[in-house]
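The values are calculated or read from the model by the stated rules, or taken from the named source; none is laboratory data. Computed from a predicted structure; not experimentally measured. Cβ placement follows ideal geometry from the backbone for every residue including glycine, while neighbour counts extend to all protein chains displayed. Surface accessibility is based on the protein's heavy atoms, side chains included, excluding ligands, DNA and RNA. Shrake-Rupley method; radii C 1.70, N 1.55, O 1.52, S 1.80 Å.
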Amino acid sequence: MAKLREKIGYALGDAAAGGITWKVMSIAFPLFFTNVFGLTVADTATLMLIARMFDVVTDPLMGTLADRTQSRWGTYRPWLILGAIPFGLIFALLLYTPEFGPVGKRIWAYSLYLLMMVAYTAVNVPYGSLLGVMTTDDNEKNQFSSFRMVGAYAMGFVTLLSFPYLQKMVGGTDQHQYAVLGAFFGVLAAAGTLACGLLTRERLKPIRAEKFSLKPFADLFRNRPWIILTLIGICMNFFNGFRYAVAGYMFEYCMHGDVTISGLIINYTVFMTFGELTCMVFGGVSPAFTKWVGSKRKAFMWAAIICVVTSVLYFFVPMDPAYIWMMVAVVILTSVGIGIYSPLLWSMYADVSDYSTAKNGTSSTGLIFSSGTMAMKFGTAISGSLVALLLGVAGFSSGTDSATGQTVVTITDPIAVNNMIWALFSIFPAIIAVVMWGLLYIYPIKK
């Protein structure tokens, strides 16, 4: 039986990766790159797409490499311990805006973003794989997974809620604010990752193949539960990706800036914080809800239904700051579903890993869990790129003035852009949630 300290340690891993770095990358980066850093819409879309497609290759390779690691710290923990500092440092540099022209900025952004994806993969794939070697007890796997999600959402809550107030405290230009906050959150991310590596334990030894071969990769594509669950993971991150990527634009253009009520600054990060807090609560409730409905699959399906209904409901909320609390209420309701299904995905990957080991005779835990990270990046990449491209189609453009080096934003059709933003936050995610429900319906593992 794992101690509470270890569960908290495991939670710190996703507090660093999911609650800080990935949350900022998902929510702040699209707006940061177009409106602060000065990339064009096309460059932003291409950057996010290329970097995440790069991960489609690196994630499975990292999973295979992690499965074959042997050290005094175990199989997966050394990647967290040794990768923590590079992980935080590269994240900090990515939020720094150098005084370069359009070409120099493009090279900086592409290089640092690709390095960030490598660093994220190097710590997050082994981190996810840890769940498969810490315990054999299914209920305890659910608990670890729940702690993981609570850690991610709790830190996401702190990160997003504090963001505008920290910006105000730092002062200066937008570029200066993002650079300082990048350094601050980079240190926190490195500390959380290191603490996770030091506080957790590997109780089980993976059944390793004698030598490297491509057979584990081939086995994946004969593993029906893995195929369906990976598609579910992609849909899940499509759903989140659309909402996170467009939230900044929604406040900038549909809400005409931050909304201040009784001293509370509600900008796009604070707005999404209401959802983070709800996800944190219902991430903790998820194991009990799963037990009550009878299986992970059924619990996930109910959560998907909640996401469909509430996303469609959001579309009909008036696009007016006067209705901000109605928008918050619907976001909270949507986050009930997200909070329930988020821990289930990783626990279900552990089931797929057990299924694969029983079927093939060797462990592919790292490879299988890497596909979960790959699905996350793939879904977020496509959704983030589509947000940028669809805003461009609607009439939004951005770039860096080659003479002054200043960021320039132009909108040719404000109504079309606003309507596109609203649909990207509501209707597009609703369609994805319907697809996700259909995949869950045919998912074969009934645990």
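What the table shows:
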{"read-out": "Within region 78-133, tally of residues that are at pLDDT below 90, open to solvent by 30 Å² or more (accessible area, probe 1.4 Å) and of a type in the set (S, T, N, Q)", "value": "0"}
{"read-out": "Contacts under 9 angstrom Cβ, first residue in region 164-193 being farther than 22 Å from residue 406 by Cα and free of Cβ contacts under 8 Å to residues at least 40 places away in the same chain, partner of a type outside the set (A, V, I, L, M) and surrounded by fewer than 19 Cβ atoms within 10 Å (Cβ to Cβ), 6 or more apart", "value": "166/184"}
{"read-out": "Identity of the residue in region 47-65, at pLDDT 75 or above and closer than 17 Å to residue 27 by Cα, that ends up surrounded by the fewest Cβ atoms within 10 Å (Cβ to Cβ)", "value": "49"}
{"read-out": "Which numbered condition residue 43 fails, given (1) open to solvent by 10 Å² or more (accessible area, probe 1.4 Å); (2) modelled with pLDDT of 85 or more; (3) in contact with a Leu (Cβ under 9 Å, 6 or more places away or on another chain); (4) closer than 30 Å to residue 396 by Cβ", "value": "(3)"}
{"read-out": "Residue in region 389-400 that is open to solvent by 60 Å² or more (accessible area, probe 1.4 Å) and under 23 Å from residue 345 (Cβ atoms) present", "value": "no"}
{"read-out": "Candidate set: region 212-234, residues that are open to solvent by 50 Å² or more (accessible area, probe 1.4 Å) and either in a loop (DSSP other than H, G, I, E, B) or within 19 Å of residue 304 (Cβ to Cβ) (or both); chosen: the one modelled with the lowest pLDDT", "value": "212"}
{"read-out": "Pairs, first assigned to a helix (DSSP H, G or I) in region 275-290, second polar (S, T, N, Q) and open to solvent by 40 Å² or more (accessible area, probe 1.4 Å), C-beta under 9 Å, six or more apart", "value": "287/139; 287/143"}
{"read-out": "Among residues of region 275-318, those that are in contact with a Gly (Cβ under 8 Å, 6 or more places away or on another chain) and farther than 22 Å from residue 142 by Cβ, counted", "value": "1"}
{"read-out": "Among the candidates 199, 188, residue that is open to solvent by 10 Å² or more (accessible area, probe 1.4 Å), within 23 Å of residue 26 (Cβ to Cβ) and aliphatic (A, V, I, L, M)", "value": "188"}
{"read-out": "Subset of region 136-151 that is open to solvent by less than 10 Å² (accessible area, probe 1.4 Å) and out of contact with any Ser or Thr (no Cβ under 6 Å at 6 or more places or on another chain) - its residue that is nearest to residue 258 (Cα to Cα)", "value": "148"}
{"read-out": "Single condition residue 249 does not satisfy, out of (1) at pLDDT 85 or above; (2) surrounded by 22 or more Cβ atoms within 10 Å (Cβ to Cβ); (3) within 24 Å of residue 151 (Cα to Cα)", "value": "(3)"}
{"read-out": "Residue satisfying all of: in region 114-166; among the charged types (D, E, K, R) and over 15 Å from the mean Cα position of the chain (by Cα); nearest to residue 3 (Cα to Cα) among these", "value": "140"}
{"read-out": "Verdict on residue 75 being surrounded by 24 or more Cβ atoms within 10 Å (Cβ to Cβ) and in contact with a Phe, Trp or Tyr (Cβ under 7 Å, 6 or more places away or on another chain)", "value": "no"}
{"read-out": "Residue in region 15-28 that is assigned to a loop (DSSP other than H, G, I, E, B), touching a residue at least 12 places away in the same chain (Cβ under 8 Å) and open to solvent by less than 20 Å² (accessible area, probe 1.4 Å) present", "value": "yes"}
{"read-out": "Verdict on residue 177 being open to solvent by 10 Å² or more (accessible area, probe 1.4 Å) and within 26 Å of residue 44 (Cα to Cα)", "value": "yes"}
{"read-out": "Qualifying residue in region 271-288 (condition: farther than 25 Å from residue 8 by Cα and within 23 Å of the chain's Cα centre (by Cα))", "value": "yes"}
{"read-out": "Only one of 402, 364 that is more than 17 Å from the chain's Cα centre (by Cα), at pLDDT below 80 and closer than 30 Å to residue 204 by Cα", "value": "364"}
{"read-out": "Among the candidates 292, 346, residue that is over 24 Å from residue 247 (Cβ atoms) and either of a type in the set (Val, Ile, Thr) or more than 20 Å from the chain's Cα centre (by Cα) (or both)", "value": "292"}
{"read-out": "Search result, residues across region 299-317 that are more than 21 Å from residue 288 (Cβ to Cβ) and either under 20 Å from the mean Cα position of the chain (by Cα) or at pLDDT below 95 (or both)", "value": "308, 311"}
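Let's see how each residue does on (1) open to solvent by 10 Å² or more (accessible area, probe 1.4 Å); (2) touching a residue at least 24 places away in the same chain (Cβ under 8 Å):
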site: 303; (1), (2): no, yes
site: 312; (1), (2): yes, yes
site: 329; (1), (2): yes, no
site: 335; (1), (2): no, yes
